[in-house]
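I have placed the structure first, in the form of structure tokens, so that the comments after it can refer back to it.
Just so you know, all these numbers are worked out from the coordinates, no wet-lab data involved. Computed from a prediction, not measured in an experiment: that's the story for all the values here. Neighbour counts are summed over all protein chains in view; Cβ atoms, including those assigned to glycine, are modelled from backbone coordinates with ideal geometry.
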Amino acid sequence: MGNILLPDRNQEQEAITGMVPIPQFLQCLLQTTNPSPNSFVLVREFHLLYDIKPEKIEKAVSAIAFQHDALRSRFMKDGGEWKQSIVPPEENQSFRLVDLSCYPEEEQNQHLISIIASEVYTLDITSGPLFKCVVVNYAEKKSQSLFVSVSHLIADGISLKIILQDLYTALAQLEQNQNIHLPKKTTSLKTWGEWLASCVASNTYNADVEKLILYKKSWPSTGFLKVLPLDYPLGDMTKKVTDAVNVQLSVSETKSFLEVTQKNAHVSSLDILQTALAFALAKWSGISIIPICVVVHGRDSGSARVNITRTVGFFSLKLLEVITVQENMQPIHTPQANPQLRFAQELLCFSGEYERKFEANVNNNAFYDTYCPNVVLNYIRQLDANKMEKELLWEPVPGYISDSENNSPRVGAQSLDCYAKIFHGQLHLFIQYSPQYFYPATIENVAQQFLIAIQTYIK
């Protein structure tokens with residue numbers, strides 16, 4: 001175990017402030033200049049079903065910023081390295097009220113576009129705030145809009161859902177003239193970071209890390225897929241930047257998919273998904289050794305000592321898998337499905353020094369740098385996780401405004417970004433790609449092969 005003495009649950013309920021250890025992957029994101037880290041913003045827009053007094057919304061927003069310490073983060077560069085701190089609640093002004101009712105109705109939309117650019121998508125990671133709720137009032141007979149924006153540096157997709165759940169709860173309680181009572185805080189981002197740093201420093205988990213490294217050394221060192229087959233090798237810049245293909249299992253097939261993983265302790269949904277994806281890529285490229293970057297989205301703390309199930313932060317875990325595809329192969333059971341080895345990888349992702357100590361080869365490259373996968377598989381550990389409580393106070397506005405991460409490729413333009421989601425009882429498989437380099441028909445064929453492989457495994 002790490003040497004750090006974790007605070008008790010009651011201490012965690014207070015407003016946490018101070019310096020926060022920054023994971024290695026976050027340091028890499030902060031070092032990027034194009035796009036700027038300020039532009040990594042998640043946004044949701046809602047139409048309020050009836051007018052809510054702005055002071056109530058402001059009170060709810062303040063409660064959320066108090067509850068989730070990461071929302072009060074600031075980032076500052078010091079000696080070439082980025083530092084993260086959490087400021088006190090009184091220093092975090094996350095609420096904005098914009099009144100467009102003074103403008104003629106035909107001019108309001110133009111002013112709204114300006115507001116979205118200046119208020120919703122403008123989050124300064126140094127001066128803050130990194131979490132903002134903007135309420136827009138329009139002319140009579142038009143409902144208010146509520147924009148919720150948060151920096152992707154401090155919140156992943158699951159964090160955004162937690163924020164929206166708590167915001168809904170707080171507003172509902174205030175509308176019923178009740179005090180705000182949110183679920184108890186789980187382990188703070190600050191404590192989680194300090195605990196991981198302590199685990200690295202203690203060398204307690206070195207044996208698990210060495211076991212994981214031994215598995216990685218078993219991968220073929222040559223002959224693996226390095227570049228995807230491009231339909232436009234030089235790129236066709238007349239095409240749009242990004243698009244996506246969506247295929248899905250039927251309801252009965254999805255049920256079988258879940259049953260297979262529930263009945264067989266040696267086969268997880270991740271095993272099936274990554275093997276099926278490797279099969280589709282091998283059939284497309286003609287190369288049988290397929291590196292895949294698996295990004296695990298969820299709340300897997302690696303130990304019962306910490307609980308981050310309702311903690312806001314960026315907790316996605318990046319795993320590298322290299323699969324050798326064979327005819328009639330069964331799903332590959334990755335050792336990284338083992339919680340101990342997955343936690344070992346979490347420590348390697350957290351500390352660059354720790355990763356270099358165990359992974360660096362003669363060229364000082366880590367395994368990820370050696371294989372440099374061009375395909376990302378986003379995996380949500382609980383594909384059928386509980387849905388949000390039915391929202392009575394607001395309704396989402398589909399397609400009107402979306403996450404900035406969806407407006408441009410989340411991976412390189414010559415790469416593929418895949419993810420799975422169960423929606424209305426069906427497993428959907430999405431592949432995001434750039435039409436500037438790939439024909440739509442090419443990616444549709446890959447998606448179909450992906451689907452066929454899954455159907456084969458669950459029969």
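Could you work out how far helix 269-285 tilts from the main Cα principal axis of the chain, as a 0 to 90 degree angle to the nearest 10?
It works out to around 60 degrees.
Beyond 25 Å, what share of the Cα-Cα pairs of the range 9-191 remains, rounded to the nearest whole percent?
Looking at the range 9-191, the distances longer than 25 Å represent 37 percent of pairs.
Scan around Leu377 for amide H atoms under 5 Å from its own, H built in the peptide plane at 1.01 Å from N, and keep only partners 5 or more places away or cross-chain.
Those lying under 5 Å, H to H, from Leu377 are Cys293, Val294, Val295, Cys418.
Enter the angle in degrees (range 0 to 90, nearest 10) between the Cα long axis of helix 440-457 and the first principal axis of the Cα atoms of the chain, meaning the one along which they spread out most.
Relative to the chain, helix 440-457 is tipped by roughly 70 degrees.
Provide Tyr138, Tyr50, Tyr433, Tyr121 in ascending order of the number of other Cβ atoms located within 10 Å of each residue's Cβ, fewest first.
Least to most surrounded, the residues fall as Tyr50, Tyr121, Tyr138, Tyr433.
If neighbour count is taken as other Cβ atoms inside 10 Å, put Glu353, Glu259 in order from fewest to most. Before the final figure, lay out the partial values.
Numbers: Glu353 8, Glu259 11.
So the residues, fewest neighbours to most, are Glu353, Glu259.
Can you check what the net charge comes to around Leu174, using other residues whose Cβ is under 13 Å from the Cβ of Leu174 (Lys, Arg +1; Asp, Glu -1)?
Once all neighbours under 13 Å are counted, the net charge is -1.
On a 28 Å Cα-Cα criterion, which of the cross-link pairs Lys59/Lys190; Lys132/Lys255; Lys56/Lys83 come out too long?
Correct reply: Lys132/Lys255; Lys56/Lys83.
Counting other C-beta atoms within 10 Å, which of Leu42, Leu182 has the fewest, and how do the rest follow? Mind showing how you got there, number by number?
Working: Leu42 23, Leu182 18.
Going from least to most buried by this count: Leu182, Leu42.
Return the sequence-ordered ³J(HN,Hα) values of the range 426-435 in whole Hz as given by the Karplus equation 6.51 cos²θ - 1.76 cosθ + 1.60 applied to θ = phi - 60°, using x for Gly and Pro.
Values, residue by residue: 10, 7, 9, 10, 10, 10, 8, 8, 10, x Hz.
If the reach is capped at under 16 angstrom between alpha carbons, list the aspartates and glutamates near Lys142, excluding any in the same chain fewer than eight residues apart.
Correct list for Lys142: Glu45, Asp51, Asp99, Glu105, Glu106, Glu107, Glu395.
Nearest 10 degrees, 0 to 90: what angle lies between the long axis of helix 105-115 and the longest principal axis of the chain (Cα atoms)?
60 degrees
Can you classify the range 110-170 as rounded, prolate or oblate using the Cα gyration tensor, where a ≥ b ≥ c are the square roots of its eigenvalues, rounded means a/c under 1.5, and otherwise it's prolate if a/b beats b/c and oblate if not?
It is oblate, given that a/c is not under 1.5 and a/b is not larger than b/c.
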